[in-house]
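The block underneath contains the structure these notes are about, expressed in structure tokens.
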Amino acid sequence: VPLKQAQQRIRRGEVSVDGTVVTEPRHQVVPGVESIACDGSPVPAGEHSFCLMHKPPGYICQRHPRDPSVYDLVPEHLRRPDLAACGRLDRDTTGMLLFATDGGVQSLLLHPTSRVWKEYTAVLQEDCSALRPGAQAAFEAGMQLADGLQCAPAGLEAVGASTVRVRVHEGHFHQAER
């Protein structure tokens, strides 16, 4: 269950700990010691699952009934309703994608205040020498994109004739591409 949904269910009084209804999402629970129930059904204190996938092109990173999704590629024995991708890659982007059932880990990896660096390798249509002079310094200082979005300091490094490595800790829409 996504964090926001869980918080809403707790506030509505649908969750109990050791038989007592809890309405404060920040209520501390000792897993495996206290029993948790949602709508009267026990919630197992199972272990979290993590898996890595190399995302091929042509798949989106969200659950969608009509579009091919990375969730369609997760082996049947690993599928769980609470398994979620920790981040997103564009439909045509390939790369490593982490899945987790631990909402705390997901939040830690995705929330900008955590400042977890993500690294992307991009192949340019032109030679790296075509990069604007000062592009690396602009990335490091935190550049403003054409639509006015101010980005936090990031990294840009030429690693081949037409290949660059981009390092960001934010997750703005198409940030690395733009």
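The values are calculated or read from the model by the stated rules, or taken from the named source; none is laboratory data. Just so it is clear, the structure is predicted and the values come from calculations on it, not from any experiment. Note: ideal-geometry Cβ built from the backbone for every residue, glycine included; neighbour counts use all protein chains shown. Surface areas here come from the heavy atoms of the whole protein model, side chains and all, with no ligands, DNA or RNA. Shrake-Rupley method; radii C 1.70, N 1.55, O 1.52, S 1.80 Å.
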Q | Flag for residue 88 being under 30 Å from residue 26 (Cβ atoms) and without any contact (Cβ under 8 Å) to a residue 12 or more places away in the chain | A | no
Q. Filter the range 131-142 for residues that are of a type in the set (A, V, I, L, M) and within 26 Å of the chain's Cα centre (by Cα); which is modelled with the lowest pLDDT?
A. 138
Q: Take the range 6-36 and flag every residue that is within 22 Å of residue 83 (Cβ to Cβ) and in contact with a Ser or Thr (Cβ under 7 Å, 6 or more places away or on another chain).
A: 10
Q) How many residues are open to solvent by 100 Å² or more (accessible area, probe 1.4 Å) and β-branched (Val, Ile, Thr) when one looks only at the range 111-128? A) 2
(Q) For the range 1-55, give me each residue that is under 22 Å from the mean Cα position of the chain (by Cα), over 20 Å from residue 107 (Cβ atoms) and open to solvent by 40 Å² or more (accessible area, probe 1.4 Å). (A) 54
**Q.** the range 143-156, residues that are within 22 Å of the chain's Cα centre (by Cα) and part of a loop (DSSP other than H, G, I, E, B)
**A.** 149, 151, 152, 153, 154
Q) Any idea which residue in the range 56-65 is farthest from residue 97 (Cα to Cα), counting only those that are modelled with pLDDT of 90 or more and more than 15 Å from the chain's Cα centre (by Cα)? A) 58
Q | Any strands (runs of 3 or more DSSP E) falling wholly within the range 18-108 and containing at least 2 residues that are over 21 Å from residue 8 (Cβ atoms) | A | 50-55, 95-100
**Q.** Qualifying position, being surrounded by 13 or more Cβ atoms within 10 Å (Cβ to Cβ) and either farther than 21 Å from residue 168 by Cα or without any contact (Cβ under 8 Å) to a residue 24 or more places away in the chain (or both), among 108, 98, 131
**A.** 108
Q.
Can you find a residue that is within 20 Å of residue 157 (Cβ to Cβ), open to solvent by less than 60 Å² (accessible area, probe 1.4 Å), at pLDDT 85 or above and of a type in the set (Gly, Ala, Ser) anywhere in the range 77-90?
A. no
**Q.** Residues that are out of contact with any Lys or Arg (no Cβ under 8 Å at 6 or more places or on another chain) and hydrophobic (A, V, I, L, M, F, W, C), drawn from the range 139-148
**A.** 139, 141, 143
